[in-house]
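Some notes on the structure that comes next.
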Amino acid sequence: MIFRAVLLLGFLFAAWYWGDWRNWRNYYPTMLFTMLVNITASYLAYHHLLWVFAPDRLITTHTVLNIVNTFTILPLTTLLFLSHLPKASRRKQCYYIILWILLYGIIETLDHQQGGITYLNGWSLGWSVLLNCTMFPILAIHRNHPLIAWLITFLVAWLVIINFNFLAAEMH
């Protein structure tokens, strides 16, 4: 799938061009937070996947593709998102967050339409958009209030675990 290569190159270019690299250390804790949450979620869902990435010529397994996503697209997204998050106006922050939710929704819609992502165990594009509606505000909160962001993340994770029947899934 050329889509993923274009996506990765697009994020790399956007981060290089628009990312606030001078202040990357300010964003680094939230970048690590994003990566840790994704790796933990992937580990917990290993035997109860909610979505699976289709292999392509370069990356032949869902797991490897998820690792590539965890260590490239997610931290680059965090850097880009926080680099331009408005500070003064709550209204502008809300519009900015909505813009990122729409961007991620469009990307996932295109990936799904091309067969790059398949939903399982009751998950859907709608659930992904809802998850993005929590992810981007949590990233904004984490920058200044990491403990609050962790609490919200645990709450969201618990709701996903309950709603998608993880307690009945095989866990090793």
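The values are calculated or read from the model by the stated rules, or taken from the named source; none is laboratory data. Only a predicted model underlies this, so the values are computations on that prediction, with no experimental measurement involved. Quick reminder, even Gly has a Cβ in these numbers, built from the backbone with ideal geometry, and neighbours come from all protein chains shown. These accessible areas exclude ligands, DNA and RNA; they are computed on the full protein's heavy atoms, side chains included. Shrake-Rupley method; radii C 1.70, N 1.55, O 1.52, S 1.80 Å.
Could I have the simple spin-label model distance between Ile106 and Trp21, label points 7 Å from Cα toward Cβ, reported in nm to one decimal?
Result: 2.5 nm between the two label points.
Fully extended, how many nm does the chain gain between Leu159 and Arg90 (0.36 nm per residue separation, minus their Cα-Cα distance)?
Working it through step by step, the gained length comes to 22.2 nm.
Quick one: with all protein chains in place, what share of the accessible area of the chain is carbon or sulfur, to the nearest percent (1.4 Å probe)? Before the final figure, lay out each step's value.
Details: 7480 of 10610 Å².
Roughly 71 percent of what the probe reaches on the chain is carbon or sulfur.
Only helical DSSP H runs with n ≥ 4 go in: add -39500 (n - 2.57) per run for the chain, normalise by residue count and round the 222 nm mean residue ellipticity to 500 deg cm²/dmol. Walk me through the numbers on the way to the answer.
Details: 7 runs with 117 residues, N = 172.
Helices in the chain give a 222 nm mean residue ellipticity of -22500 deg cm²/dmol.
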